[in-house]
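Colleague: Pasting in a structure now, in structure tokens, and then I'll have a few things to ask.
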Number of protein chains: 2
Amino acid sequence: MANPILIEVTRGPLVESWHRGAIAVSDSEGLLALKVGNVSEPIYPRSAIKALQALPLIESGAADHFGYGPREIALACASHIGTEMHTTLADEMLHRAGLSETALGCGAHVPLGAAAAKELYKSGHEPNQLHNNCSGKHAGMLATAIHLGESTSGYWKPDHPVQRRVLHAIEDMCGERLGPDVEGIDGCSVPNWAMPLSVMARMFARLVTGDGLAPQRRQAIQRILGACWEHPELIAGPRRTDTVVLQKLPERVFIKTGAEGVYCGAFPKLGLGFALKIDDGAKRAASGTAMALIEQIYPLAPGLPHQRSIKSWRGDEVATIRSSIFLEDALQTLKR
Amino acid sequence: MANPILIEVTRGPLVESWHRGAIAVSDSEGLLALKVGNVSEPIYPRSAIKALQALPLIESGAADHFGYGPREIALACASHIGTEMHTTLADEMLHRAGLSETALGCGAHVPLGAAAAKELYKSGHEPNQLHNNCSGKHAGMLATAIHLGESTSGYWKPDHPVQRRVLHAIEDMCGERLGPDVEGIDGCSVPNWAMPLSVMARMFARLVTGDGLAPQRRQAIQRILGACWEHPELIAGPRRTDTVVLQKLPERVFIKTGAEGVYCGAFPKLGLGFALKIDDGAKRAASGTAMALIEQIYPLAPGLPHQRSIKSWRGDEVATIRSSIFLEDALQTLKR
């Protein structure tokens, strides 16, 4: 059966486009506070689990060894927009581990931020791997390998110890075995493992509650989450959705976007995690759904980056982005 | 009922995202050679009908008056990527009508082509209205107003004579009255009218067959289609989907993309028009479906721009874009 329509895009008197998807909100035991659509099929979390991919960086002792503080840890969890603030810090992380940009395996791409891309070209430079939105994550992975005396060659490959450690941390956090049947390769070349949205949501509830986790793991997680709330501008960039939410609701909402229409996060005060996926992968629908969910929990939250309209190039509002009646009704059933 | 899944995006062993949509292929009488999903609901054609929006430019005599040849007419039908070739020609069209860039009402945006945007910034310039992908269409509209002695003020508004003429030409071509109940405003600020995909497909069949049209209209259409096949590089830009298809299959396929997942076109030798819309508005799925349709009609067509994979930033194929089994089966039933 098709997932329900969550987001509608209207133009004039008509609905022009519509986005289907699924949402799971869970406590740390797996009790679902909300279930919309099919939450049982494996979904790649993509970049939404960068906070979990950063666990070995802390737990191996590499972060402490190289003197990485909250800023470096935040960047390791980031899908950043490639401003100088981000690239300089990624470069510094590499230098402290005795490496440089060429050690990265993530590949280069034009900065995600339009202004950053413009500045780069105006200055006559070309994008390098530091501009890749995952450069902080990769710098952290490399630091872990160096600290543990491993070869950095092919550190992004699924069978390299760096990625095996990430896999084991995620398996431990989600309580599932993640084999080749759910393994895909992300755009930045590291492996990513699919799991049901229900499991993903439970994992994020455990992340913020620490329920059932060893003290060392809980401590590592606190450092990671604390770093993200302390330096939200590093997680994405100025005025970006994730950055603004972390700025507006520190310690109340953790949130991270993933490619192909994924959003994961958690509400620590409520002990709930969430995971959602738009079938077609549209970012506008994923962030619209995530903002609607957050507004259901925190209706008085000021200035959330909830895009409700699309403007013409002249600047007039010509289209709207809105929650479907189905989504609105479903959110109201959310057991708080 | 949900439209069927037409395109799947896979990663590793799993389908990561999927796109639903509808397709109509029709002859000039409205007999459907193919019907996939719901083809009866009104859909905005957006830029897919630029060839029709250009009819008054020819039929008013404005094109002849200002000496617009096939290049200028092609640009009036274009969603171009904003290279210097495109902006210079749009500027020249305006100058011949005694106007300049400031007369345009389309608004400015960064060139759609990444290379064009990069060149622009490297040269230290900012985008202006000539870089808008619709600047050729707007220049043609302005030329029509000037030629007919009308004020150019607000020429983009639904009640301006320029847009009324466009409306009447489209109403005549589609055989339907298009009222405020189906009127939306496009990103470039001119009105756009929604119609069922079945009607849109029939309209494109009439466009290429001329069935039931007055001789003057047929002549105008021949100039427009001829211009697009003669100068495909102006319609979009080098290596762009529409440009490559027009280059590879001149006089066999007419094709034009529209925003929010629309594709329209026609197969003149078969007397068939087509129109398709991806529910969620995704371009990758719209062009994937359009290429699958063209390959069904012309299976031996060489080098169509059919994107079948997504690469990592390192350059490895990590995901695929493919037709669903449903789409493949449906296309095989197409009555040629």
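Colleague: Rounded, prolate or oblate: pick one for the protein assembly as shown, where a ≥ b ≥ c are the square roots of the eigenvalues of its C-alpha gyration tensor, a/c under 1.5 means rounded, and failing that, prolate if a/b is larger than b/c, else oblate.
Modeller: prolate
Colleague: To continue, here is another question. At q = 0.19, 0.23 Å⁻¹, what log₁₀ I(q)/I(0) does a Debye calculation on the Cα points of the range A:1-65 give, no solvent, two decimals?
Modeller: Results for the range A:1-65 at q = 0.19, 0.23 Å⁻¹ read -0.91, -1.04.
Colleague: Let me ask another. Please compute, for peptide A:13-24, the average count of beta-carbon atoms on other protein chains lying within 10 Å of each residue's beta-carbon.
Modeller: 5
Colleague: Still on this structure: Find every distance from the label point of B:Pro180 to the corresponding label point in the other copies (7 Å from Cα along Cα→Cβ) and write them in nm, one decimal, shortest first.
Modeller: Nearest first, the other copies' label points are 6.4 nm away.
Colleague: Mind ranking A:228-237, A:62-71 by how tightly packed they are, going by the mean number of other C-beta atoms within 10 angstrom, highest first?
Modeller: In descending order of packing, they fall as A:228-237, A:62-71.
Colleague: Sort chain B into rounded, prolate or oblate with this rule: let a ≥ b ≥ c be the square roots of the eigenvalues of the Cα gyration tensor; rounded if a/c is under 1.5, and if a/c is not under 1.5, prolate when a/b is larger than b/c, oblate otherwise.
Modeller: It comes out oblate by the Cα gyration axes.
Colleague: Further question on the same structure: Does the range A:169-317 come out rounded, prolate or oblate, given a ≥ b ≥ c as the square roots of the eigenvalues of its C-alpha gyration tensor, rounded meaning a/c under 1.5 and, failing that, prolate meaning a/b above b/c?
Modeller: Oblate shape, in that a/c is at least 1.5 and b/c is the bigger or equal ratio.
Colleague: Given the pairs B:Lys137/B:Lys283; A:Lys118/B:Lys50; A:Lys277/B:Lys283, which span a C-alpha to C-alpha distance of over 24 angstrom in this model?
Modeller: A:Lys118/B:Lys50
Colleague: Considering the Cα trace of the range A:244-313, what is its radius of gyration and what is Dmax, both in angstroms?
Modeller: Computed over the Cα atoms of the range A:244-313, radius of gyration and Dmax are 12.3, 43 Å.
Colleague: Moving to a separate point now. Nm distances between the label at A:Gly69 and the same-position labels in the remaining copies, 7 Å along Cα→Cβ, shortest first?
Modeller: Once sorted, the set of distances for A:Gly69 reads 6.7 nm.
Colleague: Need one value for B:184-190: mean number of C-beta atoms belonging to other chains within 10 Å of its residues' C-beta atoms.
Modeller: Going residue by residue through B:184-190 and averaging, the value is 6.
Colleague: Here's something else I'd like to know. As a test of the formula, what do you get for chain A when each DSSP H run with n ≥ 4 contributes -39,500 (n - 2.57) and the sum is divided by the residue count, at 222 nm and rounded to the nearest 500 deg cm²/dmol?
Modeller: -11500 deg cm²/dmol
Colleague: OK, next. Can you tally the net charge around A:Ser47? Count Lys and Arg as +1, Asp and Glu as -1, for every other residue whose Cβ sits under 15 Å from the Cβ of A:Ser47.
Modeller: +4
Colleague: In addition: Tell me, what is the Rg over Rh of the range A:94-199, with Rh the Kirkwood radius over Cα pairs?
Modeller: That ratio is 1.04, to two decimals.
Colleague: Follow-up question, since we're still on this one. Counting partner chain Cβ atoms within 10 Å of every residue's Cβ in B:311-319, what's the average?
Modeller: Mean number of neighbouring Cβ atoms from other chains: 6.
Colleague: Another one. Please identify the cysteines of the protein assembly as shown that lack any partner cysteine with a Cβ under 4.7 Å from their own Cβ.
Modeller: A:Cys77, A:Cys174, A:Cys228, A:Cys264, B:Cys77, B:Cys174, B:Cys228, B:Cys264
Colleague: With the alpha-carbon atoms as the only input, what is the per residue convex hull volume for the range B:165-231 in Å³?
Modeller: 110 Å³
Colleague: Continuing with the same structure: How would you rank A:166-178, B:196-208, highest first, on the average number of other Cβ atoms within 10 Å across their residues?
Modeller: B:196-208, A:166-178
Colleague: Net charge near A:Ala78, counting Lys/Arg +1 and Asp/Glu -1 over other residues with Cβ under 12 Å of its Cβ?
Modeller: Here the count lands on +2.
Colleague: With contacts defined as alpha carbon pairs under 8 Å and 6 or more residues apart, what's the relative contact order of chain B in percent?
Modeller: 26 percent
Colleague: Once you place label points 7 Å from the Cα toward the Cβ at B:Asp64 and A:Met1, how far apart are they in nm?
Modeller: With each label placed 7 Å out from Cα toward Cβ, I get 6.3 nm.
Colleague: Relative contact order for the range B:1-155: what percent, with Cα pairs under 8 Å and sequence separation of 6 or more?
Modeller: It comes to 21 percent, rounded to a whole number.
Every read-out reported here was derived from the displayed coordinates using simple, explicitly stated rules and does not represent laboratory data. For clarity, every value in this text was computed on a predicted model and none was experimentally measured. Here the Cβ is made from the backbone with ideal geometry for all residues, glycine too, and neighbour counts use every protein chain on show.
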